[in-house]
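The values are calculated or read from the model by the stated rules, or taken from the named source; none is laboratory data. From a predicted model like this one, the values you see are computed outputs, not experimental measurements. In this analysis, Cβ positions are derived from the backbone assuming ideal geometry, glycine residues included, and neighbour counts consider all displayed protein chains.
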Amino acid sequence: MAAEHAQAAKEILAAVGGPENVVSAAHCATRLRLVIADDSKVNMDAVEDATLAKGNFQAAGQLQVIYGTGTVNKVFDEFCAQGNIAVGSTDDAKAAAAAKGNPIQRATKALGDVFVPIIPAIVASGLLMGLTEGIDNAMGNSLQMNSWWILIHNFSNASFVFLQILIGFSAARVFGGNEFLGGVIGMVMNHTSLMNAWSIPGLVEAAEEGGYNAYQIIGSQTAADFITKMTGTATTAAEASQGAITAAGGIPQVQLLGFLPVTLQGYQGHVIPVVVAVFLMCQLEKWLHAHVPDMLDLFVTPLTTVLVTGLATMVVIGPVFSMLEEYVMRFFQFLLGIPFGVGGALAGAIYPFTVVLGVHHMFNALEASLVANGADGFNPIISAANVAQGAACFAVFMKTASAKKKGLALPSGLSSLLGITEPAIYGVNLPAVKPFIGAVCGAAAGGLISAMFGLYSIAYGITGIFGYLITANPVTYTIVIAVAFAVSFAVTFVLYSDDEKTKAAAAREAAKAAAPAAPTQVDAVSEAGVLASPMTGNAIAMTDAPDAVFASLAMGNGAVVEPTAGEVYSPCDGTVTMLFDTKHAVGLMADDGTEILIHIGVDTVQLEGKPFEAHVAAGDRVKAGQLLITSDLDEIVAAGKPTATMVIVTNTDDYSAVTPTLGAVKAGDKLVTVTK
């Protein structure tokens, strides 16, 4: 049989145009899923006639070849081995589906996918940071030698100090690369040997005191030249040690190839550069996996990936975004000069977009300059924008029926009031769009009032509630943040409503909360030739399945259950023959010889097992009505997948008839009858 699997793989590999035409390969319980580079090179007749293939189907940018349970994984292994093809996993399928959206949709989805998993870390740190720094400022910075304060402050800023590592790891997972290499790229961008990006405002202040143009100094002059200008003493590059440069307030540089300067600056607080860098890293890594011989792949691919991506990051990606920040900063200086509050309104409306782009930390330099001149008129505008993000979250909290969304919106809103907006923006407001629009309106309104009244701060770095500690006029500051909050909340409350998926998920949440715990055994019909329904819901014909492959009966006949509860019970007395790694499908052999595949949802292999909990293992004996798998229907729906569950008699050809019982069913009711 192994030879037949090898022949099947050989034929399908040739039919799709060879390994060079395969972007990636993955498989689910029944199908080989191929992402093809050039569809014109695929010989569909050969695909149709390939050994062991039961049919094929093209969807979501993939060519899917049907082999069936127990066969597809063996053909897949041979396919990858013969073609030296890296396992694509489910990320390639996600990327193929996402490619149908427009660039803005793809970019927004990618940012959401990157940031949602790390939101709990950001929320925890944001709340702790706001509390510790706010209390310390309220007490005149007297806590900074307190042992408890030192420890808790370290806890609070850890995820921000090493944010690039979290983003790098998460981005690599989204873009289909090695997560740990993504983390390494994040480490490269905030390595301790680089000048911390948070120190740049100090450079600006030093440069202005010395009468130099800070924008020309940052990243555009050699370290030796900078020290010469700052100290008035001629200094060679060799004498310009990092310690001396740092002490003088400058940023060290090195020269590559004798002419290419690289600024040794970290990118703490920057978001987009690390996402872009890891995206490029993943593309390079995939290319190397496909072209480097197996015996060298373990060494050559990670080494080359980190080296090339690291150089690209420090030489191109980082400096390009630094340049972008410079121009954006100058633009905001121009805005703040527009009279009658108009400039403040525009600055407030635009500021949230700089947070999305990850370039907002450059404003530390601008604010340092303003504070040096005695009045920072930008900090109250930032506070208004941050409070507006929190107000939008509170509006979502009030209007949504989803307990999960409420659980994310409330802490994200509180974090924004303390000055940390990433959880609100990336986790709640930006994905839903309308709350983000509401927050922008609130930021503009707050900016308008702030600029009209000439509100300013005497320091920078603190916003939101703790902005009271540095504001020049607490009464005006109250008016500004109250207006920002009210406008943002009102606009969001009017615009936002749960979409149909969220409403359905909320209904299931409520039903689940009210329902008693699912039993591990239900009463089920137990007759030879009869299969009980594994789930409670509505039974429809297999030909109506929301998946063309199953609907074509290529895998066999049976029935589809549209479930209202996530528990999956055994339809018969028998043995578990197969439990897929992702637990979205289970195979059974009934005692009477009927072979059954229960496939929970459509394309749920892409969810990597997250919504499923298995209560049995391959080889286990089971009784009719015994709990096999628990599935989280809400999570499946939230991922955009149908929950329809196929109950397939995979040896349909052994029977003269396979007859479903359609309509409302409870778990354990008769669902399918097989006739010899």
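Quick notes on this one:
- Qualifying residue in the range 555-569 (condition: under 29 Å from Ala506 (Cα atoms), surrounded by fewer than 24 Cβ atoms within 10 Å (Cβ to Cβ), β-branched (Val, Ile, Thr) and within 25 Å of the chain's Cα centre (by Cα)): no
- Here is the figure for the range 446-493: residues that are under 19 Å from Ala375 (Cα atoms), polar (S, T, N, Q) and touching a residue at least 12 places away in the same chain (Cβ under 8 Å) total 6.
- For the range 526-638, the strands (runs of 3 or more DSSP E) that sit wholly inside it and include 2 or more residues that are of a type in the set (S, T, N, Q) are 574-579, 627-631.
Table: residues versus (1) more than 22 Å from Leu469 (Cβ to Cβ); (2) modelled with pLDDT under 75.
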site: Thr108; (1), (2): yes, yes
site: Val114; (1), (2): yes, no
site: Asn137; (1), (2): no, yes
site: Met145; (1), (2): no, no
site: Ser156; (1), (2): no, no
site: Ile167; (1), (2): yes, no
site: Ser170; (1), (2): yes, no
site: Gly177; (1), (2): yes, no
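- Odd one out for Leu303 among (1) more than 27 Å from Ile437 (Cα to Cα); (2) not in a helix (DSSP H, G or I); (3) not aromatic (Phe, Trp, Tyr): (2)
- In the set Gly529, Gly558, Gly537, only one residue is touching an Asp or Glu at 6+ places or on another chain (Cβ under 7 Å), closer than 25 Å to Ala29 by Cβ and modelled with pLDDT of 90 or more; that residue is Gly537.
- Filter result (at pLDDT 85 or above and surrounded by fewer than 24 Cβ atoms within 10 Å (Cβ to Cβ)) within the range 374-393: Gly377
- Residue count for the range 642-676 satisfying the condition of being basic (Lys, Arg) and either modelled with pLDDT under 90 or not in a loop (DSSP other than H, G, I, E, B) (or both): 2.
- Ala401 farther than 17 Å from Phe353 by Cα and either crowded, with 24+ Cβ neighbours inside 10 Å or of a type in the set (A, V, I, L, M) (or both): yes
- Restricting the first member to the range 344-373 and to residues that are over 15 Å from Phe334 (Cβ atoms), and the second to residues that are charged (D, E, K, R) and at pLDDT 70 or above, the beta-carbon pairs closer than 9 Å and six or more apart or on different chains are Val355/Glu422; Glu367/Asp376; Ala368/Asp376.
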